[in-house]
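Novice: This is the structure, below, for whatever I ask next.
Quick note: the coordinates plus some simple rules give every number you see, no bench work behind them. Quick caveat, the model's predicted, so the values are computed rather than measured. Cβ atoms come from the backbone with ideal geometry, glycine included; neighbour counts cover every protein chain shown.
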Amino acid sequence: METEASPTVLVVEDETAITDALKYAFELEGFGFESASTGRAGLEAARRLHPSVVVLDVMLPVMSGLDVCRQLRSESDVPIIMLTARGAEADKVAGLELGADDYLTKPFSIRELVARVRAQLRRSARAGSLANTAEVLRGGEIELDVDSHEVRLGGLLVDLRPKEFDLLESLMRRRGRLATRETLIDEVWGPDHFGATKTLDVHIKRLRQKLEPDTRQPRHILTVRGLGYKFVD
């Protein structure tokens, strides 16, 4: 009888000590593990191996982690967790803008990284199961088809990343009602996600850029100051 393959984590990191520690920890937890020490090698490994999750350092030789993230996200929906230097706020924001799903600041707890990888895998599994339900959510000119995992604006297909789709779905299911920050973070990123307020804000910004005619005066995705967000027709 065939057994289901273990999820594989690809770590793109040029510090050997970190890579070795992560290899030991992830294999101990039952994960498959692959690594690359340069950005270019990491991108090629991701294309060849199709990993379940990519852990990607920002500061890499040959090709930066941000460039790898940009290229990888244009080709794949694989969850990406960025590793950034302490205090490098610009790198965190840039990574999220380019499509990263999460980030950790060095030095970090290996246990926390493993927890975040597991959270990303749960999110991916949930997105896949949601796509099996025949349901269409509508609000104004926006249509979200859960079955086909597609969003249309005025009948035209809008390209949303998986987390953007999940966030929009959570908002549209509460049409006209407040969705608190805590609720959205829990539903879209999972209860194991740490410090997700910046992540949420970046994804809201990206949704508005794709769905709102004027991002400065949004019509559908409204901010409820100090509490969260609300979707209205």
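Novice: Could you work out [θ]222 nm for the chain from helices alone, using -39500 (n - 2.57) per DSSP H run of at least four and dividing by all its residues? Round to the nearest 500 deg cm²/dmol.
Specialist: -13500 deg cm²/dmol
Novice: Considering only P79, P51, P107, give the residue with the highest GNM mean-square fluctuation for the chain, with springs between Cα atoms whenever their separation is below 10 Å.
Specialist: Of P79, P51, P107, the Gaussian network model singles out P107 as fluctuating most.
Novice: Between T105 and T215, what is 0.36 nm times their sequence separation minus the Cα-Cα distance? Round to one decimal in nm.
Specialist: Taking T105 through T215 to full extension adds about 36.6 nm, to one decimal.
Novice: Return the FRET efficiency for the residue pair D186, A17: r is the Cβ-Cβ distance, R0 is 25 Å, and the value is rounded to the nearest 0.05.
Specialist: Rounded to the nearest 0.05, the efficiency is 0.15.
Novice: While we're here: Tell me, what HN-Hα J-couplings in whole Hz come from the Karplus equation 6.51 cos²θ - 1.76 cosθ + 1.60 at θ = phi - 60° for each residue of the range 161-168, using x for Gly and Pro?
Specialist: Once θ is set to phi - 60°, the couplings for the range 161-168 become 6, x, 5, 5, 4, 4, 5, 4 Hz.
Novice: Note down the relative contact order for the chain as a percent, whole number, built from C-alpha pairs under 8 angstrom at least six residues apart.
Specialist: Here the relative contact order equals 13 percent.
Novice: What is the dipole size for the chain, taken about its Cα centre, with +1 at each Lys and Arg Cβ and -1 at each Asp and Glu Cβ, in debye to the nearest 20? Walk me through the numbers on the way to the answer.
Specialist: Numbers: 33 positive and 38 negative charges, 185 e Å.
With only Lys, Arg, Asp and Glu charged at Cβ, the dipole is about 880 debye.
Novice: OK, next. Taking a ≥ b ≥ c as the square roots of the eigenvalues of the Cα gyration tensor of the range 1-62, is the shape rounded (a/c under 1.5), prolate (a/b larger than b/c) or oblate? Could you put the intermediate results ahead of the total?
Specialist: Numbers: a/c = 3.20, a/b = 1.51, b/c = 2.11.
In terms of gyration-tensor shape, oblate.
Novice: 5 Å is the cut-off here: which amide hydrogens, built 1.01 Å from N in the peptide plane, fall below it relative to L56, excluding neighbours closer than 5 in sequence?
Specialist: Here the answer is V12, I81, M82, L83, since their amide H atoms fall under 5 Å of that of L56.
Novice: Using a 10 angstrom cutoff on alpha carbons, build the Gaussian network for the chain and name the most mobile of A100, A46, A88.
Specialist: A88
Novice: Take K106, K163 and order them by how many other Cβ atoms sit within 10 Å, fewest up front.
Specialist: K106, K163
Novice: At a 10 Å Cβ-Cβ cut-off, how would you order V93, V54, V136, fewest neighbours first?
Specialist: V136, V93, V54
Novice: Mind sorting M82, M172, M63 by how few other Cβ atoms lie within 10 Å of their own Cβ, fewest first?
Specialist: Ranking M82, M172, M63 by Cβ neighbours within 10 Å, fewest first, gives M63, M172, M82.
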